[in-house]
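Only one structure is covered here, and it is reproduced in the block below.
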Amino acid sequence: MRWLSKVKRVVGQDKSSAGALDQPAVGLPDRVLQTDAPPIKSPPMQIDGRCMSADEFVQYIEGLEMPDPLPTRFFLHHTWIPTRESWKGHSTLLAMKRHYEKQLWRDSQGRLREGWTVGPHVFVAKDGIWLFSDIRYDGVGVYGHNYLSRHLEMVGNYNDELPTGETLKNTIVALGVLHEKLGLDIRNLYFHRDFSSKSCPGWAMQKSWIIPQVERWIQEYRASRQPQVPPVDELASLRAALERLVADLLVDPDLESTLTSAAEQRGLVGALTQQIPVEIDEQGHMVQFFVEALLAPSHQQDEVLSLGEFEHARHSDDGDEPAAPEAGEPSDDDDQDPKGDGRSQTKRSLGSLRLKAPPTDPHEFTGRIR
Ligand SMILES: [Zn+2]
C-alpha cells in the first residue's frame with residue numbers, strides 16, 4: 001500500500017468520538033477530502049511492534065488461539081515506500097502507525113473519520129517479521145475487502161524487481177505458516193491489485209512465481225511435523241541378525257509359493273522345510289514349517305512379541321498408522337484394568353509395543369490329520 005500517499009489534512013478535529021467499528025477505506029475517494037465537516041478522530045492504533053525471526057514467527061503462530069470467524073482471504077502487499085533501503089525497523093513501524101492514524105475515511109453512516117484503528121498484520125523485511133495489527137482479527141489493507149481478511153506487507157518496491165534474500169525467505173515462511181494456521185489454501189492467495197488499480201504487491205510480483213515457493217515450504221513444514229521416520233534400517237538389521245542365528249537350519253524356500261509369501265506377511269523368520277503335501281479330511285493341502293522368533297525384554301518376560309509384532313509395534317511407536325485390526329483381534333477395551341493389578345499399567349507404559357494378536361485363521365480346523 002502507498003503509505004505516503006498525500007492526504008490533505010482536515011483541521012478542527014473532534015476528539016469526542018471514538019470506537020470506530022466500521023472498516024476504514026484504503027484508497028480514499030476524493031470526495032472524502034472535499035468536506036468541511038471536522039473528522040471524528042479515532043483512538044490511537046494499537047500495534048504489537050515485535051520483530052521475530054522466521055523460526056520465532058512460526059512458533060508464535062503455532063501457539064496462537066485463532067478465534068472464530070476465521071478469515072477467508074489473505075492479501076499480499078508491498079510497502080512501495082518505505083523501500084528496502086529506507087526501512088529502519090521499529091522507528092519505521094512507528095512512522096507507519098502515525099501515518100495510518102492520520103488517514104481520513106468515511107464510516108457506513110457517511111461520517112468523516114480520521115485514523116484507522118487497525119492496519120496490516122505483518123511487515124516482512126530483511127531484518128525479520130514485524131508484528132503490526134493483531135493477526136487474530138481483521139485488519140485494513142484493501143478498500144472494501146477487509147472483512148475476514150488478513151494482510152501481509154513486504155517491505156520494498158517490487159514494481160521493477162522481485163524480493164530476494166531474507167525478505168523473500170521471511171515472506172515465504174510467513175505466508176506458509178499463516179495459511180496453514182488459518183486453514184487457507186495458498187493457491188487462493190490474493191494480491192491487493194486484484195481489487196484495485198494499484199500495482200501492489202508490485203508489477204514484478206506474479207502469483208505463478210510466489211505461490212509455488214510457498215507451496216514447497218508448506219510441504220516441507222507438514223513433513224517436518226510428521227513423527228520421525230521409523231528406524232527401518234535398524235529393524236532390518238535386527239531381522240538380518242536373527243536370521244543369521246538360525247541360518248544353518250533354514251532352507252531356501254520357493255519364493256513364488258503362497259505359503260512363503262504368507263509367512264513373510266506374518267513376519268516369520270524363514271522356512272525349515274519346502275512345501276509338503278498332506279491330506280486333511282480327504283482334501284489335499286500343502287504344509288510348510290517356518291521359524292518364528294519370539295522376543296521378550298529380559299526384565300519383562302511376560303511381554304512377549306513375535307519378531308513381526310515387534311517390528312509392527314516399533315513402526316506404530318514411530319507414528320506409522322497401525323494396521324486396521326483384523327477379525328478376532330482384541331479390541332482396545334482390553335486396555336481396561338478393572339482389577340487395578342497394574343498389569344495394564346505395564347501395557348500402557350509399553351505404548352504401542354502392546355501385543356496385537358497375530359493374524360488368525362477365522363475358520364478353525366476341527367478335522368483330523370492323516
Ligand atoms: Zn497493498
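Quick check on segment 185-212: of everything there that is within 14 Å of the ligand (Cβ to nearest atom) and of a type in the set (Lys, Arg), which residue is surrounded by the fewest Cβ atoms within 10 Å (Cβ to Cβ)? Among those residues, the one meeting the criterion is Arg193. If the condition is being assigned to a strand (DSSP E or B) and either of a type in the set (Phe, Trp, Tyr) or in contact with a Phe, Trp or Tyr (Cβ under 9 Å, 6 or more places away or on another chain) (or both), then segment 267-284 contributes Gly270, Ala271, Ile276, Ile280. Among the residues examined, Glu180 does not qualify as assigned by TED's automatic domain parsing to the domain that holds Phe57, surrounded by fewer than 17 Cβ atoms within 10 Å (Cβ to Cβ), of a type outside the set (Ser, Thr, Tyr) and away from the ligand (no atom under 16 Å from the Cβ).
Going residue by residue through segment 138-156, is there one that turns out to be away from the ligand (no atom under 16 Å from the Cβ) and under 18 Å from Met45 (Cβ atoms)? No, segment 138-156 contains no residue that is away from the ligand (no atom under 16 Å from the Cβ) and under 18 Å from Met45 (Cβ atoms).
Every test in (1) within 16 Å of the ligand (Cβ to nearest atom); (2) part of a loop (DSSP other than H, G, I, E, B); (3) at pLDDT 95 or above is passed by Phe74 save one, and that test is (2). Could you check segment 122-134 and list, in sequence order, the residues that are more than 17 Å from Val214 (Cβ to Cβ) and either in a strand (DSSP E or B) or away from the ligand (no atom under 16 Å from the Cβ) (or both)? Matches in segment 122-134: Phe123, Ala125, Lys126, Asp127, Gly128, Trp130, Leu131, Asp134. Can you confirm whether Val246 is surrounded by fewer than 18 Cβ atoms within 10 Å (Cβ to Cβ), under 24 Å from Glu309 (Cα atoms), among the β-branched types (Val, Ile, Thr) and modelled with pLDDT under 95? Here the answer is yes, as Val246 does meet what is asked.
Kindly indicate whether any position in segment 91-103 is in the same structural domain as Ile47 (by TED's automatic domain parsing) and part of a strand (DSSP E or B). No, because not a single residue in segment 91-103 is in the same structural domain as Ile47 (by TED's automatic domain parsing) and part of a strand (DSSP E or B). Quick one: in segment 157-177, of everything that is within 9 Å of Val124 (Cα to Cα) and among the aliphatic types (A, V, I, L, M), which residue is nearest to the ligand (Cβ to nearest atom)? Among residues in segment 157-177 that are within 9 Å of Val124 (Cα to Cα) and among the aliphatic types (A, V, I, L, M), the one nearest to the ligand (Cβ to nearest atom) is Ala174.
The values are calculated or read from the model by the stated rules, or taken from the named source; none is laboratory data. Fair warning: this is a prediction, and the values are worked out from it, not measured in the lab. Positions of Cβ are generated from backbone atoms using ideal geometry, with glycine treated the same way; all protein chains shown enter the neighbour counts.
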